[in-house]
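**Student:** To start, I am sharing the structure in question, which I have written as structure tokens.
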Amino acid sequence: MNYQKLALLFIPLLAACGQKRPEVIERPLFEVRNTSTLEIDKVELNDTTTVFHFDAFFYPNMWIMIAADTYIKESGSDERFFITKAEGINIGEHFFMPESGQTSFKLFFPPLDPKITKIDFIESDCDDCFKIWGIQLVPSKKGIVTYKPEKAKVEKLASLPPVEFVDKPAILTGKFIGYQQGLVLPDIQLESMGPIFKPGFGDKIKINEDGTFRMEVNCGLPLLTDLYPWGTKVFLVPGHETTLTIDLKKQSRFESKYRTDKEDGDSAFIYIENDWLSTDDMNILNAICRKTDEKLDLFTLFNTVDGFTTDQYLSWLQDVENSIRSSYADFPTLSEKVKILAEANLKASTYYLANLYSAVIHEAYYRTRNIPHEERQSHPLELEVPADYSKSVIKSFVDENIAYTSSFRQASLDIFFEYNKATFIEANNVEGIVEAFKEQAALDLGKNTDLIADVAKGILYYEKIESGAFLNDEDKANLSAMQNDYVANQLIAYNNKLVELIENNKAAADKGVVINPTPEVAKEKALDVILEKYRGKVVFVDFWATWCGPCISSIEAMKPVKAKYVDKDIVFVYLTGETSPLGTWNKTIPEIKGEHYRVSNEQWEYWYQELEITGIPTFMVFDKEGKLTNRYTGFPGQDTIENSINKNL
């Protein structure tokens with residue numbers, strides 16, 4: 001017998017037996033968590049109990065809670081060990097954070113078998129309850145193994161793809177490393193889906209059970225856009241694949257206040273690449289883009305530009321551009337491709353701020369003098385803005401590379417309308433308007449405007465669809481005659497899909513979603529007429545918009561509240577205006593049971609003024625006689641809403 005080989009087989013077993021689980025684990029390592037609120041200070045293990053010592057960090061005077069069905073379990077096992085008691089916090093009750101924003105408490109659980117070396121902490125199974133997976137109860141020299149990207153096997157293409165429309169989807173694929181069953185990620189969306197459709201977040205990326213995902217993006221042009229909630233840049237190319245890997249283990253380690261195993265580079269937990277750009281390229285690009293955001297921070301801007309003339313303001317923006325360009329030297333491996341995209345993002349950022357001259361100078365004026373909002377009307381500020389300011393901005397800050405960015409849509413519209421003022425009123429259709437623009441703009445800009453004209457034409461048709469004036473046969477024929485297949489095909493498909501969606505929504509009343517026409521009455525009487533329809537019931541009114549993040553969050557938070565009032569004398573009414581695009585609105589409301597109204601801009605503005613709505617979401621509760629009893633700006637919490645409803649039932 002080969003005793004040497006036999007001995008080698010026993011070495012791992014002996015090593016494992018020698019790793020006795022300690023009775024106290026100080027600030028244990030863990031794999032993934034869904035919260036930055038809780039930090040584990042230590043875990044105590046003995047024959048009678050398991051004690052978690054937590055430090056909590058949260059906003060002062062806001063509440064946290066530990067649910068009564070909180071449990072721990074061995075990682076990979078289904079056996080649950082439920083909480084037995086707590087010290088420093090009451091189980092199942094709201095705990096309001098002190099002014100310091102920090103507190104400590106202990107949670108007690110049954111004892112664990114000595115063989116258990118890795119556990120999960122699950123504060124109930126609700127989506128947003130605290131969860132920490134893979135807590136190590138035995139120290140490990142290896143620590144937590146994180147993602148190591150493979151070296152690219154194929155050389156990247158030498159130059160960026162041309163800015164040309166391609167009627168093929170860009171493909172975004174990827175994986176979340178460390179993804180866990182029960183981990184509910186925040187909505188993951190792209191800021192822009194291309195130059196034609198209204199800017200704002202597109203469809204949510206759907207995550208598979210194994211943490212993988214695949215999404216098709218019909219962006220038409222190569223697109224540098226933001227991925228939320230991380231705000232990192234991704235570069236999408238029609239007809240090509242971009243891969244995205246997010247290491248949740250590394251992110252959890254980086255964001256923890258207590259982890260002692262942090263490594264250099266932990267902040268780079270997102271890996272992006274495609275046929276043109278490597279992960280290193282994208283890391284450099286995102287570093288430059290972050291520096292751009294820091295230099296052009298609005299609060300810095302307000303503290304700097306008070307009293308600036310238009311010339312001084314534009315000069316300051318150009319100085320910032322030059323300052324950021326000088327930082328390129330900090331990146332010795334900066335490629336020409338990355339430089340072009342960094343410049344495109346820089347130009348898009350300064351162009352955006354250049355167009356905000358009047359608003360920025362006004363805000364700087366009031367902030368510098370500490371004039372509150374309610375007193376600003378009595379402190380008017382007159383500004384002199386040259387008649388040719390917009391053209392100066394276009395010529396100074398717009399170049400061909402801005403077409404790579406999500407700002408290209410707005411830049412195209414700005415250029416289109418700036419050079420179309422003289423003929424816009426005379427042209428009575430989209431085709432005439434676009435041709436008039438091409439004649440005017442080409443003379444002054446001295447460059448080919450076909451790309452801008454195609455984008456502008458697409459946007460005009462899109463806005464026509466969004467207004468409810470769907471494409472007729474002549475419109476479809478004009479689009480089909482375009483040399484640009486992408487614009488024609490996408491708009492016709494969008495038009496047909498929206499028509500079908502609206503019809504489906506109209507038939508969804510039996511599912512609790514009711515679309516109502518706006519009452520054909522004077523704007524002063526519209527709300528009264530809406531309320532009269534529901535007389536005899538408590539009416540909960542939500543003023544909201546599809547683009548409003550807090551509105552969407554509050555609608556989600558209201559679902560369990562609404563579930564308590566099924567078959568009660570209450571109706572939930574949702575009011576929005578034309579700033580909620582017709583298509584987005586129709587895609588959103590099937591998930592929102594209630595009575596829906598989408599009113600004109602004129603009606604919406606009237607409500608804003610007369611009802612003194614200072615922001616959305618705004619909620620109003622009316623009793624059974626139509627009398628206003630409560631109103632809130634911003635979601636006040638489920639308990640407050642329920643109390644407002646109950647006192648009127």
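**Student:** Take the residues in the range 129-145 that are buried (at least 18 other Cβ atoms within 10 Å of the Cβ) and among the hydrophobic types (A, V, I, L, M, F, W, C); name whichever of them is modelled with the lowest pLDDT.
**Tutor:** To start, the set of residues in the range 129-145 that are buried (at least 18 other Cβ atoms within 10 Å of the Cβ) comprises 129-137, 144.
Next, only the ones that are among the hydrophobic types (A, V, I, L, M, F, W, C) stay: 129-130, 132-133, 135, 137, 144.
Numbers: C129: 93, F130: 96, I132: 97, W133: 97, I135: 97, L137: 95, I144: 86.
Among those residues, the one meeting the criterion is I144.
**Student:** Tell me which strands (runs of 3 or more DSSP E) are completely within the range 530-649 and hold 1 or more residues being hydroxyl-bearing (S, T, Y) and open to solvent by less than 20 Å² (accessible area, probe 1.4 Å), or say none if there are none. Write out each step before concluding.
**Tutor:** Working: elements: 538-543, 570-576, 594-598, 618-622, 628-633.
Counting at least 1 such residues, we get 570-576, 594-598, 618-622.
**Student:** Just the residues that are within 30 Å of I371 (Cβ to Cβ), among the β-branched types (V, I, T) and open to solvent by less than 60 Å² (accessible area, probe 1.4 Å), please, taken from the range 301-344. Reasoning before the result, please.
**Tutor:** Within the range 301-344, the first condition is being within 30 Å of I371 (Cβ to Cβ), and the residues that meet it are 301-320.
Okay, now just the ones that are also among the β-branched types (V, I, T), so 304-305, 309-310, 320.
Within the range 301-344, T304, V305, T310, V320 meet the criteria.
**Student:** Checking L107 against (1) in contact with a Lys or Arg (Cβ under 9 Å, 6 or more places away or on another chain); (2) without any contact (Cβ under 8 Å) to a residue 40 or more places away in the chain: exactly one of these is not met. Which one?
**Tutor:** L107 satisfies every listed condition except (2).
**Student:** Could you please tell me which pairs satisfy a Cβ distance under 9 Å, a separation of 6+ or placement on different chains, a first residue in the range 316-341 that is more than 22 Å from Y404 (Cα to Cα) and in a helix (DSSP H, G or I), and a second residue that is open to solvent by 20 Å² or more (accessible area, probe 1.4 Å) and among the hydrophobic types (A, V, I, L, M, F, W, C)?
**Tutor:** So the pair list comes out as W316/F308; D330/A287.
**Student:** From the residues in the range 42-89 that are touching a residue at least 12 places away in the same chain (Cβ under 8 Å) and among the acidic types (D, E), which one is least open to solvent (accessible area, probe 1.4 Å)?
**Tutor:** Across the range 42-89, the extreme among qualifying residues is D55.
**Student:** Mind checking which residues of the range 255-287 are open to solvent by 30 Å² or more (accessible area, probe 1.4 Å) and acidic (D, E)?
**Tutor:** E255, D261, E263, D264, E273, D275, D280
**Student:** Just to verify a result, which residue in the range 492-529, among those that are outside any helix (DSSP H, G or I) and of a type in the set (D, E, K, R), is surrounded by the fewest Cβ atoms within 10 Å (Cβ to Cβ)? Explain how you work it out, then say what you get.
**Tutor:** Of all residues in the range 492-529, those outside any helix (DSSP H, G or I) come to 507-508, 512-525.
Now restrict to residues that are of a type in the set (D, E, K, R): 520, 523-525.
Working: E520: 7, K523: 17, E524: 10, K525: 11.
Across the range 492-529, the extreme among qualifying residues is E520.
The values are calculated or read from the model by the stated rules, or taken from the named source; none is laboratory data. Note that this is a predicted model, so its numbers are computed, not measured. Every residue, glycine among them, receives a Cβ derived from its backbone with ideal geometry; neighbour counts consider all protein chains shown. Calculation scope for accessible area: heavy atoms of the full protein, side chains included, ligands and nucleic acids excluded. Shrake-Rupley method; radii C 1.70, N 1.55, O 1.52, S 1.80 Å.
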